[in-house]
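These notes are about the structure you will find just below.
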Amino acid sequence: MSTSDHSAAPAPAPAPAAFAVDVADVELEPDDLDPAQIVSGEPVVTGKVLWESADGKQVRGIWQITPGVVTDVEADELFVVVSGRATVEVEGGATLEVGPGSACVLREGDKTVWTVHETLRKAYHISY
């Protein structure tokens, strides 16, 4: 039997190209913040997706928020703070003090309150 008698299997997706960025210098784009999430202040969110898997289940990028207090329901996320400082209160769990160099893991469904003391910029990896 020749190979022409069989359906061709789809080719695997190519691996993303290797890259490096200076997280502190990446130009970020406005990112909507639901006004219902704002507890106090006038926080502004910006971000940039650097890579997303073809199925949308993995996202890597940079995110920034200016001072204020906001609520959120988290995804499964690992992030590293590049600059700024915040207190992240996890409902029913820990209160996390994060700043430059902090690596933090949040679980999907965690309800949080972020008190951002200084504009915070982080590099993140989210799994959906």
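The values are calculated or read from the model by the stated rules, or taken from the named source; none is laboratory data. Since we're looking at a predicted model, the values are computed, not measured. With ideal geometry, Cβ positions are generated from the backbone for all residues, glycine too; neighbour counts draw on all protein chains shown. The accessibility values were calculated without ligands, DNA or RNA, using every heavy atom of the protein model including side chains. Shrake-Rupley method; radii C 1.70, N 1.55, O 1.52, S 1.80 Å.
Annotation note: Cβ proximity below 6 Å between a residue of the range 85-112 that is in a strand (DSSP E or B) and a residue that is aromatic (F, W, Y) (sequence gap 6+ or interchain) occurs for A86/W114; V88/W114; C104/F79. Of the set (1) over 22 Å from S127 (Cβ atoms); (2) in contact with a Cys (Cβ under 8 Å, 6 or more places away or on another chain), all apply to V80 but (1). Residue count for the range 76-93 satisfying the condition of being farther than 14 Å from I62 by Cα and open to solvent by 40 Å² or more (accessible area, probe 1.4 Å): 6.
The set of residues in the range 94-127 that are under 26 Å from S53 (Cβ atoms), among the hydroxyl-bearing types (S, T, Y) and either touching a helix residue (DSSP H, G or I) at 6+ places or on another chain (Cβ under 9 Å) or surrounded by 13 or more Cβ atoms within 10 Å (Cβ to Cβ) (or both) comprises S102, T112, Y124. Within the option set V73, V45, V49, V23, being open to solvent by 60 Å² or more (accessible area, probe 1.4 Å) and closer than 20 Å to V98 by Cβ holds for one residue only, V73. Counting only strands (runs of 3 or more DSSP E) that sit completely within the range 30-69, zero hold 3 or more residues that are of a type in the set (F, W, Y) and closer than 23 Å to K111 by Cβ.
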